[in-house]
1. Would you please state the base-10 log of I(q)/I(0) at q = 0.08 1/Å for the chain, with intensities from the Debye formula using one equal scatterer on every alpha carbon?
2. How much net charge surrounds Gly240 when only the other residues with a Cβ under 13 Å from the Cβ of Gly240 are counted, with Lys and Arg +1 and Asp and Glu -1?
3. In Å², what does the accessible area per residue of the chain work out to with a 1.4 Å probe?
4. In whole Å and largest first, what semi-axes does the C-alpha gyration tensor of the stretch 169-308 yield when each eigenvalue is scaled by 5 and square-rooted?
5. Roughly how many percent of the accessible protein surface of the chain is carbon and sulfur, given a 1.4 Å probe and a whole-percent answer?
6. Take Glu327, project a point 7 Å from its Cα along the Cβ direction, then tell me which residues of the stretch 239-256 have their backbone nitrogen under 17 Å from it.
7. Let me see the pair-distance distribution of the stretch 74-165: every alpha carbon pair, 5 Å bin width, integer percents in order.
8. Out of all Cα-Cα pairs in the stretch 246-377, roughly what percent, to the nearest whole number, are more than 26 Å apart?
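The values are calculated or read from the model by the stated rules, or taken from the named source; none is laboratory data. Because the structure is predicted, anything quoted here is derived from the model rather than measured. FYI the Cβ positions are ideal-geometry reconstructions off the backbone, even for glycines, and counts take in every protein chain you see. Heavy atoms of the whole protein, side chains included, go into the accessibility calculation; ligands, DNA and RNA do not. Shrake-Rupley method; radii C 1.70, N 1.55, O 1.52, S 1.80 Å.
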Amino acid sequence: MHFVTRAIHAGQEPEPRTGSVNVPIYQTSTYAQDGVGEHRGWDYGRSGNPTRDALQTALASLEEADDAVVFASGLAAEDAVFRTLSPGDHVVMGDDVYGGTWRQVAQVHVPAGLEVSTVDMGDLDAVRAAVRPSTRLVWVETPTNPLLKVVDIAATAEIAHEADARLVVDNTFATPWLTQPLGLGADLVVHSTTKYLGGHSDVVGGAVCTDAETAERLRFLQNAVGAVGGPFDNYLTLRGIKTLGVRMQAHCANAGAIATHLAEHPAVAAVHYPGLPDHPGHEIAARQMRDFGGMVSVQLAGGRAAAEVVATSTELFFLAESLGGVESLVEHPGVMTHASVAGTPLEVPDDLLRLSVGIEHVDDLLADLDAALAHAA
Ligand SMILES: *Cc1c(COP(=O)(O)O)cnc(C)c1O
């Protein structure tokens, strides 16, 4: 079945008792048992919930994974992946990962004994040089946040596998509509479903899509540690992914038009968008992505001051963290999402703004940006 059909049907058969075409929100913490220790597959809300099960089935289908494990947030999903490692294990990580991922690794897992090296994942020789006998995971985000660098998933998977390590891809920015990393050789895909998968800025969630054995270990950790989202959150995410395909087409079309327009604008010093032919990762992106995504980053000719004026002058682009919702957002990564990487090798330029391009009419978005850029001039 095609992707957009699976997004609507996988795990989402009508509910058998009433025929409800939507998976019910099973708002319960426990389940009545038929006999002592005789339950119908669910015994306690942390361990399992039918609404969560439906979302897991749908996500596994979209990523073409054996299984998916859904968590309370993207960072909870990542935490579970890192908990599969032992003290002394080594991770190679992109030098441009989500600030929260870096904070968790550097301030939670490294103090617990994990070793980590950061490299420019665009430089395959650097990745090869960074792996060690103790390397267990290579962690890739593509396109990266916030600089939208593109990482060659297939080539990185090969390097990881030669070193007996596994490749994790944070597929939050691309979504399975644009890229299916498991088919390119990745072993685990992590998501912040808060972003495009949920798609409406109304829920926080995360997931790991992977093979059956890894999923079983993650499910054990999830039950033991407890980072489960609520049934209503799972329902909202499931509702969001039904329209992922059509939303992504609109996000990509708008972002492409905005990137092209801004690249010509005198107040803009640089545009980072994988769809632009002069983007260093354009060819790889064209190979491993169906389209180029809804995120655009720009550096302002007027530096940080101009960036702040633009960020506070737009009307349709709300000044806010997060991304991937139907409404357009603008943010200043250096001060907002990536403040925790200041002074580290992951520090981002202070004239940089990140746009999460929504699905409003592109003419309205262009007019909004032009007006804000005029303020900054
Ligand atoms: C937001 C985000 C995360 C973290 O997810 P939460 O749902 O906020 O915990 C991880 N990776 C990327 C790329 C993100 O954008």
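1. For the chain at q = 0.08 Å⁻¹, log10 I(q)/I(0) is -0.40.
2. Net local charge, Gly240 excluded: +2.
3. 41 Å²
4. Taking √(5λ) for each eigenvalue gives 32, 18, 15 Å, largest first.
5. 53 percent
6. Taking a point 7 Å out along Cα→Cβ of Glu327, no residue of the stretch 239-256 has its backbone N under 17 Å.
7. Over the stretch 74-165, the share of Cα pairs per 5 Å bin runs 3, 14, 27, 25, 21, 9, 0 percent.
8. 17 percent
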